[in-house]
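To start, the structure under review is shown below, and the notes come after it.
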Amino acid sequence: MDFPNYRPRRMRRSVAMRRMVRETRLDRDNLVYPLFVVPGQGVAQEIPSMPGQYNYSIDRAVDAASAAFDAGVPAVILFGIPENKDAVGSDTWNSDGIIQRAIRAVKKVVPDLTVIADACFCEYTDHGHCGVLIDGYLDNDSSLENLGRAVVSYARAGVDMVAPSGMLDGFVAACRESLDEENFENVVVMAYSAKYASAYYGPFRDAVDSAPQQGDRTTYQMDPSNALEAIREVRLDVTEGADIVMVKPALAYLDIIRTVRDEFDLPVAAYNVSGEYALLKAAGQKGWIDYDRVMMETLLSIRRAGADIILTYHAVEAAKILARR
Ligand code: PBG
Ligand code: ZN
C-alpha cells in the first residue's frame, strides 16, 4: 500500500464516495438534552453564560422537552432548582419536589421520551456541596442513604433513568440497591463514573446556583491529571451495577473516553458540559467561527473518541441539522 499504488485521495473525490467510507457517524439517537427546571409558571429565563439555554418552570420545560422530542432527540436529563435549599438537600426526596413534579409532567405529555434525572445534592443544599457536610468535609456514607431515598422517589414519579453525579464512593451501589429493594429493577443507572473537578462547569453552576459556598469539589471529583484512576472509577461503577458509564467533561478528556471505550463493554456516555457550550456560543456570536460547522465537528469528535451517547446543550440544534442530511 505505497504511493503511487495507493492514492488516498481516490476515495475523497465525490460526496457519495466520502459518505460510503465514512467511519464515524453522528446520529440523533445518540443525543441527550439537559433541561433546567425552576419553580413558578410561564418562566423561561435565559441563562446569561449559556445563550439559547433557559431556566424553565415545569410547564415550559414540558414544551421544551416536547420540542426536543419532535426534533428527534430521544432523551432529556432534568436538573432541578428547588424553592428551598437546606443543609442536606431534602427536596431531592420530597415526593412533591421540583424534579418529581417535572418528571410526572414530562412523562404525561411525551411518554416516549426517555426521562433521566440527574441525582445529586449540590442544587439542593444551602452550602452547594454534593451531599451532607460534617465539619466542612463532605461525609460520604451519610449522603448515600439520602441518595437512595431520592432515586426511589424519582422512580415513583416515573423516571426511566437516574444519573448519580456526585462522585461519592458507593453512589452507584446505593442507587441500584435502593431501586431494587422497592421493585424498580427496570430503572436504568447511568453513572457519572469519571467526572473531573473541572472549571468547565462554571456556567452550569450559575444556571442552578450550585457553586460551593466554601471550598471546592476537589475532595470528591477527580484530579484532571489522572487517567489510570478513571479506569478504577469506571470499574467500581460497573461492579456496583451501572448500566451506562460516563466521562465528563468531554473535550479536554477525549483520551479518557477512548480508554474507557477500549477497556469496558458497557455503553459509554460523554457530557459535553456547559463551559464547552459557552466557548462555541461566544465565538459563534462574535462571528469568529462558523458555529454550526464547529458544533457538528465537535460532537463528531466525541463520537470518534468512542462515546455512544452525548449529553449536550447543542442537542436540539444538532438534531435539526442532522434531520436535513
Ligand atoms: C452536579 C452536576 C454538575 C454538572 C452536572 N451535574 C456540576 C458540578 O459538578 O459542579 C455539570 C454540567 C455542566 O457543566 O454542564 N453534580
Ligand atoms: Zn453535585
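Key figures
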| quantity | calculated |
| --- | --- |
| Residue that is open to solvent by 30 Å² or more (accessible area, probe 1.4 Å), within 20 Å of the chain's Cα centre (by Cα) and not aliphatic (A, V, I, L, M), where the choices are GLY72, GLY52 | GLY52 |
| Qualifying residue in the range 170-177 (condition: within 22 Å of ALA75 (Cα to Cα), within 15 Å of ligand 2 (Cβ to nearest atom), in contact with a strand residue (DSSP E or B) (Cβ under 6 Å, 6 or more places away or on another chain) and assigned to a helix (DSSP H, G or I)) | yes |
| Any chance ASN140 is among the polar types (S, T, N, Q) and over 21 Å from the mean Cα position of the chain (by Cα) | yes |
| Matching residues, the range 120-153, being away from ligand 2 (no atom under 15 Å from the Cβ) and acidic (Asp, Glu) | ASP135, ASP141, GLU145 |
| Any hit, the range 191-210, residues being among the charged types (D, E, K, R), outside any loop (DSSP other than H, G, I, E, B), more than 13 Å from ligand 2 (Cβ to nearest atom) and closer than 30 Å to GLU46 by Cβ | yes |
| Among the candidates ARG261, ARG303, ARG232, ARG217, residue that is under 26 Å from LEU168 (Cβ atoms), more than 12 Å from ligand 1 (Cβ to nearest atom) and surrounded by 17 or more Cβ atoms within 10 Å (Cβ to Cβ) | ARG261 |
| Pair list, Cβ < 8 Å and 6+ apart or interchain, from the range 123-143 residues that are more than 21 Å from ASN84 (Cα to Cα) and hydroxyl-bearing (Ser, Thr, Tyr) to residues that are outside any strand (DSSP E or B) and more than 9 Å from ligand 2 (Cβ to nearest atom) | TYR137/THR219 |
| Condition broken by ILE81, with the remaining ones in (1) surrounded by 11 or more Cβ atoms within 10 Å (Cβ to Cβ); (2) farther than 30 Å from GLU145 by Cβ satisfied | (2) |
| Any pair with Cβ under 7 angstrom, 6 or more apart, that starts in the range 224-237 at a residue that is at pLDDT 95 or above and of a type outside the set (Asp, Glu) and ends at one that is in a helix (DSSP H, G or I) and open to solvent by 30 Å² or more (accessible area, probe 1.4 Å) | ALA227/ASP255; ALA227/THR259; ALA230/THR259; ILE231/THR259; ILE231/GLU263 |
| Pairs where the first residue, in the range 269-285, is free of Cβ contacts under 8 Å to residues at least 12 places away in the same chain and the second is more than 9 Å from ligand 1 (Cβ to nearest atom), C-beta under 7 Å, 6+ apart | ALA283/ILE289; GLY284/TYR291 |
| Matching residues, the range 35-50, being part of a loop (DSSP other than H, G, I, E, B) and in contact (Cβ under 8 Å) with a residue 24 or more places away in the chain | PRO39, PRO48, SER49 |
| Exclusive hit being more than 28 Å from ALA68 (Cα to Cα) and open to solvent by 10 Å² or more (accessible area, probe 1.4 Å), set MET161, MET167 | MET167 |
| Meets criteria (touching a residue at least 24 places away in the same chain (Cβ under 8 Å) and either open to solvent by 10 Å² or more (accessible area, probe 1.4 Å) or away from ligand 2 (no atom under 14 Å from the Cβ) (or both)) for ASP180 | no |
| Test: residue in the range 13-31 that is surrounded by 14 or more Cβ atoms within 10 Å (Cβ to Cβ), out of contact with any Lys or Arg (no Cβ under 6 Å at 6 or more places or on another chain) and in a strand (DSSP E or B) | yes |
| Conditions (1) within 10 Å of ligand 1 (Cβ to nearest atom); (2) surrounded by fewer than 22 Cβ atoms within 10 Å (Cβ to Cβ); (3) among the aromatic types (Phe, Trp, Tyr): number failed by TYR200 | (2) |
| Considering residues of the range 95-137 that are over 19 Å from the mean Cα position of the chain (by Cα) and in a strand (DSSP E or B) only, the residue surrounded by the most Cβ atoms within 10 Å (Cβ to Cβ) | THR125 |
| Pair list, Cβ < 7 Å and 6+ apart or interchain, from the range 89-111 residues that are over 20 Å from SER210 (Cβ atoms) to residues that are open to solvent by 60 Å² or more (accessible area, probe 1.4 Å) and among the aromatic types (Phe, Trp, Tyr) | VAL110/PHE69 |
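The values are calculated or read from the model by the stated rules, or taken from the named source; none is laboratory data. Small disclaimer: the values here were computed from a predicted structure and weren't measured. Positions of Cβ are backbone-derived with ideal geometry, glycine not excepted, and every protein chain shown enters the neighbour counts. Side chains are part of the model used for accessible areas, which takes the heavy atoms of the whole protein and leaves out ligands, DNA and RNA. Shrake-Rupley method; radii C 1.70, N 1.55, O 1.52, S 1.80 Å.
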